[in-house]
Ligand code: FEO
C-alpha cells in the first residue's frame with residue numbers, strides 16, 4: 001500500500017507523462033504538416049513511448065493499492081519556428097521531466113517507500129537516455145546548419161533513432 005504522499009506524487013507524474021505524450025503528438029503533427037516526414041515519425045513514436053511511461057506508472061499505482069487519477073491535460077504548443085527550435089523544446093521538456101522524477105525519488109526516501117524507489121529507478125535510467133537522444137539530435141542539426149541536402153539526410157537518419165518501447 002502506498003502512502004497518500006506517494007499516491008499524490010505518482011498521480012502528478014502520471015499527468016506529466018500524459019502531457020509529454022500530447023506535446024510530442026502535437027510536434028509530430030507540426031513536422032508532418034511541414035513535410036519533415038522522418039521527424040514526424042520519430043515524434044509519433046516518442047508520443048507512444050510517453051503514453052507507455054504513463055501507463056507503467058498508472059498500473060504500478062493500482063497494483064500498490066493506490067487510486068490512479070486521470071487528470072485534465074494542458075494544451076500543447078502547435079507551432080514551431082524550425083525543427084531545431086522544436087528539438088530544443090524537447091530537450092528542455094525532458095530536463096523538466098528528469099527533475100520531476102528526481103523530486104519523486106526524493107519523496108520515496110522521505111516516506112521510506114523503497115519499493116516505489118526501486119520501481120522508479122527504471123525512470124531514472126530512461127531519463128538519461130531521453131536527454132541524451134535529444135542532445136544527439138540537436139548536435140546533428142547544428143552540424144548541418146543551413147545545408148538543405150544535409151537536412152534531407154537528417155530527416156531520413158532520425159527515423160533510425162526510433163526506439164522500440166522496452167516497458
Ligand atoms: Fe517519459 Fe520523456 O519522459
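Computed from Cα positions, the angle between helix 37-63 and the longest principal axis of the chain comes to roughly 0 degrees.
A crude spin-label estimate for the pair residue 29 and residue 157, with each label 7 Å from Cα along the Cβ direction, gives 3.0 nm. To the nearest ten degrees, helix 83-110 and the longest principal axis of the Cα atoms of the chain are 10 degrees apart. Against the chain, whose longest principal axis comes from its Cα atoms, helix 114-144 is set at around 10 degrees. Across all C-alpha atoms in the chain, the radius of gyration and Dmax reach 17.2, 56 Å. In percent, rounded to a whole number, the relative contact order of segment 42-167 is 37, using alpha-carbon pairs under 8 Å and six or more apart. Fully extending the segment from residue 73 to residue 96, taken as 0.36 nm per residue of separation minus the present Cα-Cα distance, adds 6.6 nm.
Where a number appears in this text, it was derived from the coordinates with a stated rule and is not lab data. All figures in this text were calculated on a predicted structure; none of them were measured in a lab. Here the Cβ is made from the backbone with ideal geometry for all residues, glycine too, and neighbour counts use every protein chain on show.
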